[in-house]
Amino acid sequence: MFGDFFATAWLRLAIFILVAGLAIRSPAQNQDVVGMFPDPGRVTADYSDEVQRYAAFSTLYDALMADAPKPVSRAAYEKSSIYMASYNGIESRNLMAGRQAPAYQTWAVQRDNMIDDFTFRRSVLDKYQLTALAPIARPPPPSAVSSPAYQPGSGQTTFAQPNGSPQIYDQSSPGERLNRLCVRAFPVVVVSLVAMIWLPWLMLGRAGIKSRFTRPPTLEPSGNLPPLPESLRVIQLPGVRYYVKTFSGLVLGKDTAVYTSSYTETTPERVETIGGMEKRTPGQTTTTRTSRRVDTLRIRTPDGREATWTLTGSSGDRIFVGQVITCIARPVKADYSEFVLVYNHDTGEFVRVEEGLDNAHRPGGFLGWMAQPLSTLIGSVGFAILVTYFLTSGIGNLVNIGGVDFFIALWVVGGFCALTVAFFTMHLLKYKITQRRNARLLSQYGPQFRQYFGQITPGLKQRLAVR
């Protein structure tokens, strides 16, 4: 469906561009040119020798492409595609032995000599009464050239013209020419694959959640304890910015719970019949379990009230009853805050609340959303060239080269490969950037927080009646 759409759009564009040329060219001469060209079955029957059949199909393809009115009609496109597929099929059968095999080398020399035999090419046109068509891109007469000099492996033949200057004719198949073009485009592949990782890394490094609040939250009075310094109320790292406030208290109790969730998937039994034999594949049941630890702390705050704090993951491992702690929290809503760090006043260490840290530092926003589509688009160019290279190498010559549908299909395949790579790459990049921001928070703000908490520890313990 998409191929027909693009093919139609291309035809309309070609008509618009070439309308002046079509008006000048005599339309009566090549009006019904497609019907004059023979059916492929007739050509196969007329030339029993494989070398001559290859050269005949190649000659007819070149003549049809030269003589068919432009833009090329669907009938001309279909017949030319059959001609191309026919001589590509002959080429592929001989290529089975390998490009370096003596049998193929012998075949290649015979093929090129026959294609370069302009007397034979002329006889093909005479045989099917095609010499009366407009002489576009016809082979030069034998008197205009001397003996051809074939260059093995290059797909080119050099002729000496009457003035002594060399003239090079490319007689290789479309697949070989496209393969050589892909080799020349390998620098584009390298740039494409590098850019599909580097640009998303650059975008994700600047992508993150910015605070919804226009000003830092109001700090609640804490008696004679010094307030949190202004420099520590705003956490600003590359790509993220959020406000924090602190909660202090004495741990009175601790309850630990592990919540386990499971997901079960069952595949039904499958029965296949191959060659009259029945093959049964039994159904399988797969269960995936995930565990989540939650520590619920009962806290007495400095103002004498009791509260319940929740720590997720392993952050509650090193917190025990009787210890004085201060939690650094990120306001998420007006009345809800999420813990990111816990400072233990008794041990003098920071405890990471991994879930809160990851939520605060994970790349997000518009740049984070655009990273994967951009990576896929850039990488599709490089992967399309690689896919084309492998399809046109060796056995890939069986592929019918040409047509808008063919190149659209290559881009779709390249885009699918790029999407697969980008999917896993984005997850890895987001994980790396999140971990780097977590570490940077402690290295950049940790010493200042430690200094502040050390300053308030004596007064905090005095208010909590703790020695």
> Rounded to the nearest whole Å², what accessible area per residue is found for region 64-138 with the 1.4 Å probe?
Replying inline: 46 Å²
> What full-extension length gain, to one decimal in nm, is calculated for residue 450 and residue 287 as 0.36 nm per residue of separation minus the Cα-Cα distance?
Replying inline: 54.2 nm
>> Quick query: amide H of residue 337 versus all other amide H atoms, modeled in the peptide plane; which residues come in under 5 Å with a sequence gap of 5 or more or a different chain?
In response: 332
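Rank these residues by their accessible area, most exposed first, probe 1.4 Å: 375, 73.
Working: 375 0, 73 55 Å².
So the residues, ranked largest to smallest area, are 73, 375.
Suppose R0 equals 56 Å; then what is the FRET efficiency for residue 280 and residue 390 from their Cβ-Cβ distance, rounded to the nearest 0.05?
For residue 280 and residue 390, the calculated efficiency is 0.95.
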> Can you tell which of 390, 426, 448 lies farthest toward the positive end of the dipole of region 311-467, using +1 and -1 charges on the Cβ of basic and acidic side chains (Lys, Arg; Asp, Glu)?
Replying inline: 448
> Using r as the Cβ-Cβ distance of residue 443 and residue 126, and R0 as 60 Å, what FRET efficiency do you calculate, to the nearest 0.05?
Replying inline: 0.10
>> My understanding is that a pair violates if its Cα-Cα distance is over 23 Å; which of 210/430; 210/333; 79/127; 210/245; 245/430 do that in this structure?
In response: 245/430
> Of 263, 340, 288, which is farthest along the charge dipole of region 229-340 in the positive direction, counting Lys and Arg as +1 and Asp and Glu as -1 at C-beta?
Replying inline: 340
> Going highest first, how would you order 286-293, 317-324, 232-239 by mean Cβ packing within 10 Å?
Replying inline: 232-239, 317-324, 286-293
> Cα centroids of region 276-295 and region 41-60: how far apart, whole angstrom?
Replying inline: 57 Å
>> If I model a spin label at residue 44 and residue 191 as a point 7 Å from the Cα along the Cα→Cβ vector, what separation in nanometres do I get?
In response: 4.5 nm
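The values are calculated or read from the model by the stated rules, or taken from the named source; none is laboratory data. Small disclaimer: the values here were computed from a predicted structure and weren't measured. In this analysis, Cβ positions are derived from the backbone assuming ideal geometry, glycine residues included, and neighbour counts consider all displayed protein chains. Accessible surface is based on the protein model in full, side chains and every heavy atom, while ligands, DNA and RNA are left aside. Shrake-Rupley method; radii C 1.70, N 1.55, O 1.52, S 1.80 Å.
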